[in-house]
Amino acid sequence: MCCLLAQWLDQLEINAPYLSFLPAIVGSCALGSFTLAVWALTLSSIGLWFFFIPPVGFGMPGLTDLAHLGVFVVIALFVCWLIDGLRQSNEELSRDNVTLGVKLSTLMARIRPR
């Protein structure tokens, strides 16, 4: 689907195929896991290399195209690292919130007059 979006943008003379792949990578990280995001990034990079980086196919790209692909990979990994860190922090806060609730209810049960 991302390849189709990138081709459509290319027909509109918007030469930014990398941008159409970022939502899929970020979504897989936010809804799945960091490992799933790495798989999405790997498959996206292969799709970009095959369909959008000249020469078309798996030929060796020029240095500028290779640098663009490298920057895309680094930025996508950084964004996924941030999202994964936020998700882990949120899970820790949720566990701490449950623990605090249990402690608070135990304390309230002890100090209630009988």
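Using R0 = 35 Å, the C-beta based FRET efficiency linking M108 and T35 works out to 0.25.
Along each principal axis, taking the top coordinate minus the bottom one, the Cα set of the chain gives 81, 26, 17 Å in descending order.
The long axis of helix 63-111 is offset from the longest Cα principal axis of the chain by roughly 10 degrees. The percentage of C-alpha pairs in segment 48-114 whose separation is greater than 15 Å is 71%. The simple spin-label model puts a point 7 Å past each Cα toward its Cβ; for L12 and L77 those points are separated by 3.1 nm. The residue among P17, S33, S105 whose Cα reaches farthest toward the positive pole of the charge dipole of the chain, with charges on the beta-carbon of Lys, Arg, Asp and Glu, is S105. Its Cα centre serving as origin, the chain has a Cβ charge dipole (Lys and Arg +1, Asp and Glu -1) of approximately 1040 debye.
Which value at 222 nm does the chain reach when only helices count, each DSSP H run of 4 or more adding -39,500 (n - 2.57), with the total divided by all residues and rounded to the nearest 500 deg cm²/dmol? Numbers along the way, then the final one.
Numbers: 4 runs with 87 residues, N = 114.
Result for the chain: -26500 deg cm²/dmol, rounded to the nearest 500.
Every read-out reported here was derived from the displayed coordinates using simple, explicitly stated rules and does not represent laboratory data. This one's a predicted model, so the numbers in the text were calculated from it and none came from an experiment. Every residue, glycine among them, receives a Cβ derived from its backbone with ideal geometry; neighbour counts consider all protein chains shown.
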